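Since the structure comes first, as structure tokens, the remarks are kept for the end.
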Amino acid sequence: MPSASTKAAAHPAVADSRTTPDSLDSRDFRDANAASTGAGAGVGADADADGQEAREAHRVRAARKAAAAAAREADDTRLAPGAPGFRRLSLALFAAGVATFALLYSTQALLPAVSAEFGATASAASWTVSGATGALALCVLPLSALSERFGRRQMMTASLAVAVALALLVPLAPNLESLIVLRALQGAALAGVPASAMAFLAEEVRPKALIAAIGLFVAGNSIGGMSGRLLTGWVAQLWGWRAGLAAVGLLAVACAVAFRFLIPPARHFTPASLNPMALGRTVRGHLADPLLVRLYAIGALFMTVFGAVYTVIGYRLTEAPFSLPQGVVGSIFLIYLVGTVSSAAAGKLVGRMGRRGALYLAVGATTSGLLLSLADTLPLILAGLVLITAGFFAGHAVASSSVSRTATTGRAQASALYQSAYYLGSSVGGTLGAVAFHSGGWSGTVAIGLVAVFGVVSITLYGSHSARAAERRHRLATA
């Protein structure tokens, strides 16, 4: 049988079929495919090179931004943790916070004793607290305007000096009416401290350290509120409520002296002329800012809860079935230590959960505390007060620091408006809480608190909805 080679030789057409046009096209296809593969590899290499260049450019831009930020931070002469003046500033404002809250609420733990001496109802005696906080709310804005002209440091010093002088007269009040008048004057004098303190911190402390600094000032408030009530309670049990008020006055004198020696000079304050029309424009601008208005309302509502609860709690605990003595009732305010911790931790909460998340947590704690306090056993009531105090101080620290960060101009007025709303909430809460307690007992006071908490939740939810709607509008506009 012939071999394959013989067949190929005998039939040239068969041998030539290896070089037919089809065969040539096949080789051409392979060559073209190889060429295209090489070209694709070249394109891919170019793309990789372009991507590497883009990444390198991004790294360069990021490095430049970091260098610029570092340069700005190096040039920033405001105080930061570790700087020589930061500790003195923090301690000075801590002392101012102690004096302010110790004086402002000095009669709160003594209300049952005041009612007993003057034959007054709880709602009438509560005006010794509400009168002071109400006067402070009315005077914060005008005194903050004066601080723009004469300086935050000078305003805080003068306010504390007048307030402690009045504190030495308050124990001598011959009747309830004069006591309320003296307390209202004291509250008006103290108005220069809170708004000036917030603005002073915003000017003298770097933004990254602002929440921590304000948290420490608020912690001073909680320490002042606690120590003032604790001191007046035990002194009143031994020597009467007038001696208790004298003792807290002496504590405030010591804090005012410490403040004056510790507070560093202002390095970033620029005096402004007194211009009522410009002040009115600034205030209207702040009140036209939806976020600031929501923060003001949140501060007022949190303080409504706190004012209602702590104005009335002394009456509840001195009456049956508890019948606690005055000194023990004053010791209840040791719970303020919880507020010191929660307010100082507010900055970390905001960093982890965001502002709204921290507010929701504060609301949850406050609501749980109100419901727990309805129990008729003392341990559960104390647990409820712990939660109310922690939630209030955390919410207050978050809202007040957010005001300072949100306002880019007129920060003193922005802080003053917050303080006005905050202390107005205290005045309203104290009065409504006492009236509700007189008519419906402790459950009536708790109902006032729950309504206020519902208001905080509603405002925060509305803010979340508005933020999401604004984000959607922005995406549509840039699509």
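The values are calculated or read from the model by the stated rules, or taken from the named source; none is laboratory data. Just so it is clear, the model here is predicted, and its values are computed rather than measured. Because the Cβ atoms are built from the backbone with ideal geometry, glycine has one as well, and the counts that use them run over all protein chains shown. Each accessible area value is taken on the protein alone, full model and side chains, heavy atoms only, with ligands, DNA and RNA left out. Shrake-Rupley method; radii C 1.70, N 1.55, O 1.52, S 1.80 Å.
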* Might you work out the accessible area of L172 for me, using a 1.4 Å probe with all protein chains in place, and round it to the nearest 10 Å²? => 130 Å²
* Vicinal HN-Hα couplings computed from phi for region 293-307 (Karplus, 6.51 cos²θ - 1.76 cosθ + 1.60; Hz; Gly/Pro x) -> 4, 5, 5, 4, 5, 4, x, 5, 6, 4, 6, 4, 4, 5, x
* Which value, in debye to the nearest 20, describes the size of the charge dipole of region 226-348 about its Cα centre when Lys and Arg Cβ atoms bear +1, Asp and Glu Cβ atoms bear -1, and nothing else is charged? -> 320 debye
* **Interchain or long-range residues, amide H under 5 Å from V205's placed H** => L79
* Using the Cα atoms as the points, what is the convex hull volume per residue of region 229-309 in Å³? -> 187 Å³
* To do: Using just the alpha carbons, could you tell me how many Å³ per residue the convex hull of region 201-251 encloses?
  => 63 Å³
* Asked: Of all trypsin sites (Lys or Arg not before Pro) in region 246-290, which ones are in loop regions per DSSP and have a Cβ with at most 11 other Cβ atoms within 10 Å?
  -> R267
* Structure fact -> Mean separation of Cα contacts under 8 Å (at least 6 apart) over the residue count of region 318-451, i.e. the relative contact order in percent, is 23 percent
* Structure fact -> Sequence order, region 132-147: Karplus ³J(HN,Hα) from phi using 6.51 cos²θ - 1.76 cosθ + 1.60, θ = phi - 60°, Hz rounded, Gly and Pro as x, gives 5, 5, x, 5, 4, 4, 6, 9, 4, 5, x, 6, 5, 5, 5, 5
* **Dipole in debye (nearest 20) - region 108-221, about Cα centre, beta carbon charges: Lys, Arg +1; Asp, Glu -1** => 360 debye
* **Per-residue SASA entry for E471, accessible area with 1.4 Å probe, Å² rounded to 10** => 110 Å²
* Asked: Largest first, what is the accessible-area ranking of R355, R88, R152, R206 with a 1.4 Å probe?
  -> R88, R355, R206, R152
* To do: Give a quick list of chymotrypsin sites (Phe, Trp or Tyr not before Pro) in region 287-353 that DSSP marks as loop, anything other than H, G, I, E or B, with at most 16 other Cβ atoms within 10 Å.
  => F322
* Asked: At q = 0.12, 0.14, 0.21 Å⁻¹, what log₁₀ I(q)/I(0) does a Debye calculation on the Cα points of region 124-221 give, no solvent, two decimals?
  -> -0.43, -0.57, -1.02
